[in-house]
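The values are calculated or read from the model by the stated rules, or taken from the named source; none is laboratory data. Treat the numbers as computed from the prediction; the structure is a model and nothing was measured. Heads up, the Cβs are rebuilt from the backbone with ideal geometry, glycines too, and the neighbour counts pull from every protein chain shown.
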Amino acid sequence: MEFKSKVTYTRHRITEAYLWSLGTYFEPQYSQARVITTMALILFTALDDMYDAYGTMEELELFTDAMDEYSICNI
């Protein structure tokens, strides 16, 4: 995903995210679930860091409004 070079303001916790997913899906047949869970955790960490340290209040309000209007039913 090249997060380290593209999103420089986030924490790089790829190993930690993988270990969290490994604790949840430890059987060998769930390797794909571990990868997907790890990717989701990395994305959530990046969003959390964006809210905590990077975005201005106006940008974050616009982003929050966009997320509030998003509905899974629209897909």
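Here are a few things to note about the model shown:
- Residue within segment 15-38 that is touching a residue at least 24 places away in the same chain (Cβ under 8 Å), surrounded by 13 or more Cβ atoms within 10 Å (Cβ to Cβ) and small (Gly, Ala, Ser) present: yes
- Restricting segment 1-41 to residues that are closer than 18 Å to Tyr54 by Cβ and touching a Phe, Trp or Tyr at 6+ places or on another chain (Cβ under 7 Å), the residue that is modelled with the highest pLDDT is His12.
- Matching residues, segment 19-44, being among the charged types (D, E, K, R) and in a helix (DSSP H, G or I): Arg34
- Residue in segment 47-60 that is in contact (Cβ under 8 Å) with a residue 40 or more places away in the chain and either charged (D, E, K, R) or under 15 Å from Ile14 (Cα atoms) (or both) present: yes
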